[in-house]
2 protein chains.
Amino acid sequence: MNKERIKVVVVDDHPLVLEGLRSSLGEDNTIQIVNCFENASDLFAFLKRSSVNVVVLDVNLPDMNGVEICQKITQKYSHIKVVGLSTYNDPSIIKQMVKNGAKGYLLKNVTSKELVAAIHQIHIGQSYFSGEIQKILADSIFDNNEVPKLTRREKEILSLVAEGITTPQIAKKLVISPLTVETHRRNLIQKMGVTNAAQLVKMAIEKGLI
Amino acid sequence: MNKERIKVVVVDDHPLVLEGLRSSLGEDNTIQIVNCFENASDLFAFLKRSSVNVVVLDVNLPDMNGVEICQKITQKYSHIKVVGLSTYNDPSIIKQMVKNGAKGYLLKNVTSKELVAAIHQIHIGQSYFSGEIQKILADSIFDNNEVPKLTRREKEILSLVAEGITTPQIAKKLVISPLTVETHRRNLIQKMGVTNAAQLVKMAIEKGLI
DNA sequence: TTAAAAATACCTGTAAACTAGTAGAAATAC
DNA sequence: GTATTTCTACTAGTTTACAGGTATTTTTAA
């Protein structure tokens, strides 16, 4: 058995959850919670100057998107393993987390026992997904759940379309030609695999783009 | 100062939150956590045979709707005060909770300090809503969040519109005139207070009609 | 600095959506 | 059984959306 305890950082904007984690994991002598944060920027400030093994990351933070945080961590600090933690069991978010380097994913109804097991398994290089998450990931293989990559402008126009703003109005608002807006709309419809704006909006909401 | 500690019961399906609450409130010598539950049925079994002052209630439990639980508690045990606790800041749920007797409402990003203050205030017969919740309740007075009553046919057509089906296709499918479908679409747009199909779909999803 | 990606813009035509008003038949509620 | 709502359908005109292709400029990223 390794004498070194696993260095864990927890990020969650709910003090109660942080307290729960501190209290639960604090009893475990194989895991050391080196620090807790309530937002992403504090986390990154800490990662710059400290060595960490595992980050337990709440996907819904106030200042930054969970998927982006995960991507940034795994890109900058490839040795750090990320475990996603969330109340929601939204398949598209879970898949995006996995694609962006998350080694594990747990729902917040997890017991501290299971969390400890997950951290251990991930620390030795394996992945860990709770039963419910495994099922969600398995199901999502069959139905096409890919979230197409939209450009900044496309996302912007998508939001405006969902607000009921018409092409001429969007063009005026963004100070571009209505023909350009039409091009973006066409690309959005094509990328999302839909046939018109109504279905586009529905799909975008389903995939968490709005 | 009253020598009796305030008897609190906590209900939340997340063990980590329960642990956090136990740990935070355990340090406070004015509050006694007499029990914790992860579902509603265990809670009611306990309330039958024990005296409790305050119930801290997670609104999203697996076995029963939070609003119903709140209603049942305040009806059967009028001396017990309920504090709602939730991740979501959905105005309609908060309003329903208050209507059904909740004396306080907090988001899960609450600090343990604030939670203690809330429990005290509620215990002496006042109500407590965190700043964010107060704002939401205040805003919801002004903006119209009524869900318009749609007819059966309108709902049917609304769903088809959201699937990207066009008017001629809908007409064929329902074996009615496309002109009739157009009339329904017009009425949908008018009832929902929107300007086109894209916004209609977004609004319908927001209001839980799809 | 040089590919690649994104944002911009145009043309042409067709199809669909939206506006506005009216009105008879059918179902439902009181 | 009567009133009300819902479903049905129409006319007529305007605006917007969608299909398809092409092409230049401007950003990013490698």
task = Starting from residues that are open to solvent by 60 Å² or more (accessible area, probe 1.4 Å) and of a type in the set (S, T, N, Q), keep the ones in region B:177-210 and report whichever is farthest from the other protein chains (Cβ to nearest Cβ).
result = B:Gln190
ask   = Which condition number in (1) in contact (Cβ under 8 Å) with a residue 12 or more places away in the chain; (2) within 13 Å of DNA strand D (Cβ to nearest atom); (3) open to solvent by less than 70 Å² (accessible area, probe 1.4 Å) is the one that B:Lys173 fails?
value = (3)
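So, in region B:146-174, exactly how many residues are assigned to a loop (DSSP other than H, G, I, E, B) and either more than 10 Å from chain A (Cβ to nearest Cβ) or at pLDDT below 95 (or both)? Lay out the reasoning, then the answer.
At the first step, the residues of region B:146-174 found to be assigned to a loop (DSSP other than H, G, I, E, B) are B:146-151, B:163-166.
With the extra rule that they be either more than 10 Å from chain A (Cβ to nearest Cβ) or at pLDDT below 95 (or both), the set shrinks to B:146-151.
Count: 6.
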request  = Test A:Val34 against the criterion of being in a strand (DSSP E or B) and closer than 22 Å to A:Ser127 by Cβ, and give yes or no.
outcome  = no
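Being surrounded by fewer than 20 Cβ atoms within 10 Å (Cβ to Cβ) and not in a loop (DSSP other than H, G, I, E, B): is that true of A:Ser78 here? Outline the logic, then answer.
Details: surrounded by fewer than 20 Cβ atoms within 10 Å (Cβ to Cβ): yes; not in a loop (DSSP other than H, G, I, E, B): no.
So A:Ser78 does not fit the description; no.
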ask   = List the pairs whose first member sits in region B:77-106 and is at positive phi, whose second member is part of a helix (DSSP H, G or I), and whose Cβ atoms are under 8 Å apart, counting only residues at least 6 apart or on separate chains?
value = B:Gly101/B:Cys70; B:Gly101/B:Gln71; B:Gly101/B:Ile73; B:Gly101/B:Thr74; B:Gly101/B:Gln75
query = Of all residues in region A:7-36, how many are touching a residue at least 40 places away in the same chain (Cβ under 8 Å), away from chain B (no Cβ under 14 Å) and open to solvent by 10 Å² or more (accessible area, probe 1.4 Å)?
reply = 2
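For region A:81-116, which residues satisfy the criterion of being assigned to a loop (DSSP other than H, G, I, E, B) and either within 12 Å of chain B (Cβ to nearest Cβ) or closer than 19 Å to B:Ser86 by Cα (or both)?
Once the filter is applied, which keeps residues that are assigned to a loop (DSSP other than H, G, I, E, B) and either within 12 Å of chain B (Cβ to nearest Cβ) or closer than 19 Å to B:Ser86 by Cα (or both), region A:81-116 yields A:Thr87, A:Tyr88, A:Asn89, A:Asp90, A:Lys108, A:Asn109, A:Val110, A:Thr111.
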key: When residues of region A:144-166 are limited to those that are within 20 Å of the chain's Cα centre (by Cα) and more than 11 Å from DNA strand D (Cβ to nearest atom), the one most open to solvent (accessible area, probe 1.4 Å)   = A:Lys149
ask   = Taking into account only those residues within region B:59-75 that are touching a helix residue (DSSP H, G or I) at 6+ places or on another chain (Cβ under 7 Å) and over 16 Å from B:Lys103 (Cβ atoms), which is most open to solvent (accessible area, probe 1.4 Å)?
value = B:Asp63
ask   = In region A:148-178, which residue that is within 11 Å of DNA strand C (Cβ to nearest atom) and among the small types (Gly, Ala, Ser) is nearest to B:Met192 (Cα to Cα)?
value = A:Gly164
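Any idea how many residues of region A:1-47 are of a type in the set (Asp, Glu) and closer than 16 Å to A:Val59 by Cβ? Give the steps one after another, and end with the answer.
Residues of region A:1-47 that are of a type in the set (Asp, Glu), as a first pass: A:4, A:12-13, A:19, A:27-28, A:38, A:42.
Still in the running and closer than 16 Å to A:Val59 by Cβ: A:12-13, A:38.
Within region A:1-47, residues that are of a type in the set (Asp, Glu) and closer than 16 Å to A:Val59 by Cβ number 3.
The values are calculated or read from the model by the stated rules, or taken from the named source; none is laboratory data. Everything numeric in this text was worked out from a predicted model, so none of it was measured. Neighbour counts are summed over all protein chains in view; Cβ atoms, including those assigned to glycine, are modelled from backbone coordinates with ideal geometry. Each accessible area value is taken on the protein alone, full model and side chains, heavy atoms only, with ligands, DNA and RNA left out. Shrake-Rupley method; radii C 1.70, N 1.55, O 1.52, S 1.80 Å.
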